[in-house]
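J.: I'd like to ask some things about the structure below.
The values are calculated or read from the model by the stated rules, or taken from the named source; none is laboratory data. Not measured: the values here are computed from a predicted model. Every residue, glycine among them, receives a Cβ derived from its backbone with ideal geometry; neighbour counts consider all protein chains shown. The area values use the complete protein model at the heavy-atom level, side chains included, leaving out ligands, DNA and RNA. Shrake-Rupley method; radii C 1.70, N 1.55, O 1.52, S 1.80 Å.
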Amino acid sequence: MSESNELATGWIQQLELSDSVRRYFLAMDEFDWDTASKYIADQITLDAGSLAEPPREVSRADYIDALKARNGGYLTTLHLNAGHVVDIDGDSARVRANFFGAHGVGPDEADNYFAYGVYDIAMVKQQNTWKISRIAIKPVRIHGGLPHDIAARAAARYRA
């Protein structure tokens, strides 16, 4: 393969990786769990620090069930992620991006929290498609209402 073909292939893979990450978060914000699931590997680990349960590897089905229970009760969410830095090593990759996230259960400031920081996402190629195998959320700052209180309200709303 020529050097220009290798460069083009690398750029295409970087675009595919970024596209998969953006589509996952957009599907999550649209509460489209079936589409979000398409971008999750057979096994995945979520490391959200103090914002979620301790990290552990789970199946795609268990992850999506937990994602619905955790995020399905919000009235609104927004998971912006920009400036993807993509590193590829064969059939595995790492995507890092700055994020701004919003989670709301009502109209007042105390009903919402906003966070910004860095996503560090591991991806693997499965069935010839890039899938997310690990999401690390590293908040730098959180504003608004108390995340655990708002999350508990969202979870109660989802269960209702």
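J.: How many percent of all Cα-Cα pairs in the stretch 1-64 sit more than 14 Å apart? Don't jump to the answer; show the numbers that get you there.
T.: On the way: 1383 of 2016 pairs.
Above the 14 Å cut-off, the stretch 1-64 has 69 percent of its Cα pairs.
J.: Expressed as cubic angstrom per residue, what is the convex hull volume of the alpha carbon set of the chain? Provide the component values of the computation, followed by the final result.
T.: Details: hull volume 16.9 nm³, N = 160.
About 106 Å³ per residue, rounded to a whole number.
J.: How much accessible area per residue does the stretch 5-107 have, counting only protein heavy atoms and a probe of 1.4 Å, in square angstrom?
T.: Per-residue value: 52 Å².
J.: Further, regarding this structure: Work from the charge dipole of the stretch 1-142 (Cβ charges, +1 for Lys and Arg, -1 for Asp and Glu, about the Cα centre) and give the residue of L78, W11, P54 farthest towards its positive end.
T.: The residue sitting farthest along the positive end of the dipole is P54.
J.: Something else now. Would you work out which of H103, W130, L146 lies farthest towards the positive end of the dipole of the stretch 102-160, given +1 charges on the beta-carbon of Lys and Arg and -1 on that of Asp and Glu, about the Cα centre?
T.: Of H103, W130, L146, it is W130.
J.: Would you list, by chain and number, the aspartates and glutamates whose Cα falls below 16 Å from the Cα of K138, excluding same-chain residues fewer than 8 positions away?
T.: Correct list for K138: D47, E53, D120.
J.: Let me ask something additional. Measure off, as a whole percent, the carbon and sulfur share of the 1.4 Å-probe accessible area of the chain, all protein chains present.
T.: Within the chain, the accessible surface is 52 percent carbon and sulfur.
J.: Then there's this: Ignoring everything except DSSP H segments at least 4 long, calculate the 222 nm mean residue ellipticity for the chain; use -39,500 (n - 2.57) per segment, divide by total residues, nearest 500.
T.: So the calculated ellipticity at 222 nm is -11500 deg cm²/dmol.
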